[in-house]
1. Quick check on region A:66-78: of everything there that is within 16 Å of residue A:182 (Cα to Cα) and crowded, with 16+ Cβ neighbours inside 10 Å, which residue is farthest from the chain's Cα centre (by Cα)?
2. Return only the number of the condition from (1) over 30 Å from residue C:46 (Cα atoms); (2) at the interface with chain A (Cβ under 8 Å from one of its Cβ atoms) that residue C:236 does not satisfy.
3. Out of the residues in region A:19-42 meeting the condition of being surrounded by 12 or more Cβ atoms within 10 Å (Cβ to Cβ) and of a type in the set (Lys, Arg), tell me which one is nearest to residue A:196 (Cα to Cα).
4. Just checking, which of C:308, C:250 is of a type outside the set (Ser, Thr, Tyr) and touching a helix residue (DSSP H, G or I) at 6+ places or on another chain (Cβ under 7 Å)?
5. Out of everything in region B:19-45 that is within 23 Å of residue A:148 (Cα to Cα) and exposed (fewer than 11 other Cβ atoms within 10 Å of the Cβ), what residue ends up being farthest from the other protein chains (Cβ to nearest Cβ)?
6. Do we find that residue C:118 is more than 14 Å from chain A (Cβ to nearest Cβ), farther than 30 Å from residue C:244 by Cβ and out of contact with any Phe, Trp or Tyr (no Cβ under 6 Å at 6 or more places or on another chain) in this structure?
7. Can you tell which of C:155, C:116 is in a helix (DSSP H, G or I), in contact (Cβ under 8 Å) with a residue 12 or more places away in the chain, among the acidic types (Asp, Glu) and closer than 30 Å to residue C:266 by Cα?
8. Hey, can you tell me all the residues within region C:214-233 that are within 9 Å of chain A (Cβ to nearest Cβ) and polar (S, T, N, Q)?
Amino acid sequence: MSATEHPTEHLAEHLDTHNWTGALRRRALRELPPDRLLPDSQPAYMSSWIYLFGVLTVAALAVVIGTGCVLALKGPQWWHLSSLGHYVNSMHLWSVELFLAFMVIHLWGKFFMAAWRGKRAMTWMTGVVAFLASIGTAFTGYLAQQNLDSQWISTQAKDGLNSVGIGAYFNVMDFGQMLMWHIVLLPAAIGVLTVWHLVLVRRRGIVPPIGAVPPEDENTSEKEDRP
Amino acid sequence: MLTLPPLPARLLAAPIDLNGPGHYLHWGVIQISVANLVVIGLMLIAFVAAILLPFPRKRGRR
Amino acid sequence: MKRGRTREQTPDSHAFPTRPYDLVKEAVIAVIAVTLLTFGLAAVFSSPDEKPVTVATWSQADPADFTATAVTELGGTSATAQYGPPYNTAADGQKLGPLPLQTWAGVKHPIDTANDFVLQPLRQTPEPAAVTAALARWNAASADQQTKWTGAYSDALGKAPNGDPAKVAAGDYGPVPVLTARLLQLGQSGTLDAQLLAEGHYFQTDYTRALLFLADGSYLQDQARTQHLGGDQWGMMNETGNYPGQAWLWLYTFWYQVQPYKSSTNADALVWGTMALLSALLLLLPFIPGLRDIPRLTRVYKLIWRDWYRDHPTPNPGTART
């Protein structure tokens, strides 16, 4: 390679590389080109406040994780002993209430839009699994509080889990096990599911209105909107 | 002698104390706390408002 | 399938006209807004933290309940002693239809309530001579004799004023009153809390034994029911005080309030089976004819996309495939 060659020639050469890495990059670029991953425009039919609840859910998740990380920094006892710790715990609780509220409203909205249409079933399903994983994460959070709530919830919930054989392996009265699930395993699962969900949304685009047909005699620019 | 809690505790004390006996509504088989009812009510209001309120049309669009 | 083919397929979203939009700006504003809202809610409402019940607080506040519970642990008649898997083989456990999932999972956390909750803590602490003698007498007795003693003492405690061990009528209770009286001392001093937790190792994070013992008494339950946390009080979605709880568990806790779940001996397994089925339906909703048509039939979508339909009259959106 001489320095005089045009940079795109390097790119072209790289794109032709027949190794695993090159293949993965080509696949990624084909499935999700940068302008689809981070588009600076959106379909004209996205004209409703209901679309905000997806991004609000992600924003609340960010606050949940952020406040959870502060609690993790100081350890599980901190919030019982310090007023600042108790305040961070309050933030963690209220951001979880917001997270689940936003997510459920997002779910209602996507249901009434039948948002699984047009090869978007996997987007719907990753969302549902993320919802169930969030419920599990919140539940293990209640178990990890080390107060009357945790005592009562664990001794009650054990019966349900034991009745279907899960309790033998997932012991809600084992504080250490529940704390690990709450701060490692389930958040990791939610993180993976969220990224997967968002990538699928970007890859397929936002679902068009039911029965909508793209205006054929117009190009896909913003000036189309005038009939 | 009057002893005040340390400053951070006073700054971080909640003005509205939700501890104390809970308020519950009973309606046949249904029992629900006022707090949960408020949360669910706000969610429904947000959902209906999100659908019904007109979304501003941006100038750049036309 | 046939019906699906006759319905219009959903077109590619990228074929539609667009307008400029700043996704990153939207996300940044959303994070700032939710952060501020969280700061505000936390500042105004704080969060609940009801102190945990300990064996010490329980045995000091309600020594009669503690003693009655200790006798059932020793006699093998407590809820834990009779539980079945994963703690012991005293019962078969619940079944989901024909499936004995609880039995299949096996005894993974073996608990012998007489030994783990009563005898071992007594042996591990300095023994007064009377306790040493009582332990020897208990160990020398047959299982039948032990059951007779604990049964008789349980009955007598039930008849005593306020269940007070000091007011129990005379009878043949063997060494049981001495053993439970000593256990009450250990409980009230806080020693038993530490003993139930320490399962032979120094560091410990597993509260299974301590919590099961607490839950066998009625003191913990009384505290929880006062806070509306009981299973038949829709307790699963409730929180102590006036705080919102896990409202998203409403459907799970709902089943426990209605028949046939409410009075079934397999209630837990049935509720879990029902919720697993409903979760699968939600997960697979895009593939289930009928359910996936609800959005098209309810026509809420016409409100959501009213701007689009007004600008682009669509003759029959209701014939499109969902």
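The values are calculated or read from the model by the stated rules, or taken from the named source; none is laboratory data. Just so you know, these numbers come straight off a predicted model, no measurement behind them. Every residue, glycine as well, gets a Cβ built from its backbone with ideal geometry; the counts of neighbours run over all protein chains shown.
1. Per the stated criteria, the residue is A:76.
2. (1)
3. Applying the filter and picking the extreme gives A:36.
4. When all the criteria are applied, what remains is C:250.
5. Only one residue fits best here, namely B:21.
6. Values: more than 14 Å from chain A (Cβ to nearest Cβ): yes; farther than 30 Å from residue C:244 by Cβ: yes; out of contact with any Phe, Trp or Tyr (no Cβ under 6 Å at 6 or more places or on another chain): yes.
Considered against the rule, which asks whether it is more than 14 Å from chain A (Cβ to nearest Cβ), farther than 30 Å from residue C:244 by Cβ and out of contact with any Phe, Trp or Tyr (no Cβ under 6 Å at 6 or more places or on another chain), residue C:118 comes out as yes.
7. That would be C:116, the only listed residue that is in a helix (DSSP H, G or I), in contact (Cβ under 8 Å) with a residue 12 or more places away in the chain, among the acidic types (Asp, Glu) and closer than 30 Å to residue C:266 by Cα.
8. The first filter runs over region C:214-233 and keeps only residues within 9 Å of chain A (Cβ to nearest Cβ), leaving C:214-215, C:220-221, C:223-224, C:227, C:229-231.
Those that are within 9 Å of chain A (Cβ to nearest Cβ) and polar (S, T, N, Q): C:221, C:223, C:227.
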